[in-house]
Amino acid sequence: MSDSHPADSHPHARLIRDFHERQNRFYAGGDQEPVRAMLTPEVIWHVPGHNVIAGEYRGRDEVLRYFVRRRELANATFRIDVRGVLADDRRTVILAGGEVERGGEILTWGTVGIFRVADGGIAGGGIAGGGIAECWVVPYDQDAFDEIWSSSMGGGTSPSPSPSPTWMLG
């Protein structure tokens with residue numbers, strides 16, 4: 001008998017796990033192209049809060065710039081640990097932990113990530129006609145998340161705040 005949960009064997013669950021593996025390699029200093037390949041051209045990324053990474057990022061290039069900014073702010077110490085995945089044909093939800101090193105201290109937080117995957121199949125580890133179309137980051141503790149990604153990590157401004165994910169309710 002397999003230890004995997006049926007929702008975790010869904011193609012979208014595998015897609016999101018693969019995406020985070022590629023993203024972690026990128027955050028450690030690797031190439032961004034494997035991450036880029038998994039995003040639709042019109043991808044939207046929603047990050048809540050009052051911190052230097054909060055905002056709504058639209059389009060593959062802007063989302064990738066946001067990823068680059070997180071890597072730079074964290075001095076390539078940012079890591080995401082996917083702890084659980086639930087997926088169906090409409091959405092994929094992950095439970096994840098994040099960590100960065102700052103001033104010799106490891107700072108950690110937890111989030112729920114809610115993903116919308118565009119129509120299309122997954123073929124040979126790549127994406128045929130689909131990809132990650134939207135993501136909402138939902139921290140367990142918004143105040144702690146804001147403090148970790150505070151201006152002391154690098155300052156600057158961010159795009160406008162993200163709206164609530166109404167599509168996931170239906």
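Summary table below
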{"quantity": "Unique residue being open to solvent by 60 Å² or more (accessible area, probe 1.4 Å) and of a type in the set (Val, Ile, Thr) when the list is Ile106, Ile80, Ile53", "calculated": "Ile106"}
{"quantity": "Qualifying residue in region 106-113 (condition: polar (S, T, N, Q) and more than 16 Å from Phe145 (Cβ to Cβ))", "calculated": "no"}
{"quantity": "Among the candidates His46, His10, residue that is under 11 Å from the mean Cα position of the chain (by Cα) and either crowded, with 17+ Cβ neighbours inside 10 Å or charged (D, E, K, R) (or both)", "calculated": "His46"}
{"quantity": "Scan of region 63-77 for residues that are more than 13 Å from Gln32 (Cβ to Cβ) and either open to solvent by 50 Å² or more (accessible area, probe 1.4 Å) or part of a helix (DSSP H, G or I) (or both), ordered by number", "calculated": "Leu73, Asn75"}
{"quantity": "Residue within region 101-112 that is at pLDDT 90 or above, assigned to a strand (DSSP E or B), under 15 Å from Gln23 (Cα atoms) and touching a strand residue (DSSP E or B) at 6+ places or on another chain (Cβ under 7 Å) present", "calculated": "no"}
{"quantity": "Residue within region 79-100 that is over 18 Å from His20 (Cα atoms), outside any loop (DSSP other than H, G, I, E, B) and more than 14 Å from the chain's Cα centre (by Cα) present", "calculated": "no"}
{"quantity": "Residue check for Gly156: out of contact with any strand residue (DSSP E or B) (no Cβ under 9 Å at 6 or more places or on another chain), at pLDDT below 90, within 17 Å of Ala37 (Cβ to Cβ) and not β-branched (Val, Ile, Thr)", "calculated": "no"}
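The values are calculated or read from the model by the stated rules, or taken from the named source; none is laboratory data. Remember, predicted model here, so these are calculated numbers, not experimental data. Note that we place each Cβ from the backbone using ideal geometry, even for glycine, and neighbour counts take in every protein chain shown. Ligands, DNA and RNA are stripped out before the accessible areas are found, and what is left, the full protein with its side chains, is counted by its heavy atoms. Shrake-Rupley method; radii C 1.70, N 1.55, O 1.52, S 1.80 Å.
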